[in-house]
Amino acid sequence: MSATDTASHSNLMDGVYRHQRHIYDLTRKYYLLGRDQLIDGLDVPAGGTALELGCGTGRNIVLAARRYRDVKFFGLDISNEMLETAKISVAREGIAGRVALAQGDATAFETRALFGETGFDRVFISYSLSMIPGWEKAVGAALAGLKPGGSLHIVDFGQQERLPLWFRTVLHAWLAKFHVEPRASLLQVLESECEKQAASLSFETLYRGYAVKAVIKS
């Protein structure tokens, strides 16, 4: 996104979540499925680093920090409103010393400028690609942010191909209210990125196609 587009999207997300952020984690736990499986599968090496793109309220970072206690976590989000909630959550958990949060665009970010890091052992993206304009660039940026031997972990909405049509129709209408769009070409984009970088891809559908989970290893 251009600087103008980034500012516009930031303002849009702030508007959407200015009030929603206070009840986000309570409500989203019923339909953002597969997030805990993603965290379980991060397997961050001891003393390693992990970055979440689209960290939102910090829910995933807090849970991951509990599980991987000798890992330093970083979070990037375009919404300052969501980051305010994330900062509160991190402080409440007592992990501010090993969590750094920054406002930025997931499609184009400088890890050294934002976090003083040259790369990360793990990058993870949970239900954010379906909200990011130019999300394909976010995939490329995430892979570029990995250290050699690192991995990118993704969970997001699938195409609900094995669920009733009425369910898909209602879900997509509901998601559109929050500017969320399941990415039909996600698998193809990930395969293309893997070919470019000689990386390996693991891709699976969850809950009859409700969600998808992917891991790319560099």
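Derivation of every value follows stated rules applied to the coordinates shown; laboratory data play no part. In this text the structure is predicted, and so the values were computed from the model without any measurement. Quick reminder, even Gly has a Cβ in these numbers, built from the backbone with ideal geometry, and neighbours come from all protein chains shown.
Summary of values
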quantity: Neighbour count of at most 10 Cβ within 10 Å plus DSSP loop: longest trypsin sites (Lys or Arg not before Pro)-free window in the chain; calculated: 70-176
quantity: Region 158-191 residues near the modelled F203 label - backbone nitrogen below 15 Å, point 7 Å along Cα→Cβ; calculated: 158-161, 183-191
quantity: Lys, Arg +1 and Asp, Glu -1 on Cβ, resulting dipole of region 112-188 about Cα centre, debye, nearest 20; calculated: 40
quantity: Mean shadow area of region 78-165 over all directions, Cα convex hull, nm²; calculated: 7.8
quantity: Dipole-positive endmost among H179, S200, S89 within the chain (Cβ charges, Cα centre); calculated: S89
quantity: Pairwise Cα inverse-distance average, inverted: Kirkwood Rh of region 123-186 (Å); calculated: 13.0
quantity: GluC sites (Glu not before Pro) restricted to region 85-165 and DSSP loop, no more than 13 other C-beta within 10 Å; calculated: E110, E161
quantity: Dipole magnitude of region 74-218, debye to nearest 20 (Cβ charges: Lys/Arg +1, Asp/Glu -1, about Cα centre); calculated: 300
quantity: Beta bridges by DSSP in the chain, antiparallel share as percent, to the nearest 5; calculated: 40
quantity: Number of Lys pairs (Cα under 16 Å; 8 or more positions apart or on different chains) in the chain; calculated: 5
quantity: Per residue Cα convex hull volume in Å³ - calculated over the chain; calculated: 112
quantity: Principal axis dimensions, largest first and in whole angstrom, of region 78-129 by Cα; calculated: 29, 22, 19
quantity: Residue-span extension gain [R66 to K196] - 0.36 nm each, minus C-alpha spacing; calculated: 43.3 nm
quantity: Cα-centred dipole magnitude for region 35-94, charges only on beta-carbon of K, R (+1) and D, E (-1), debye, nearest 20; calculated: 180
quantity: Given charges at Cβ of Lys, Arg, Asp, Glu: the chain dipole, positive-most of I61, N80, G149; calculated: I61
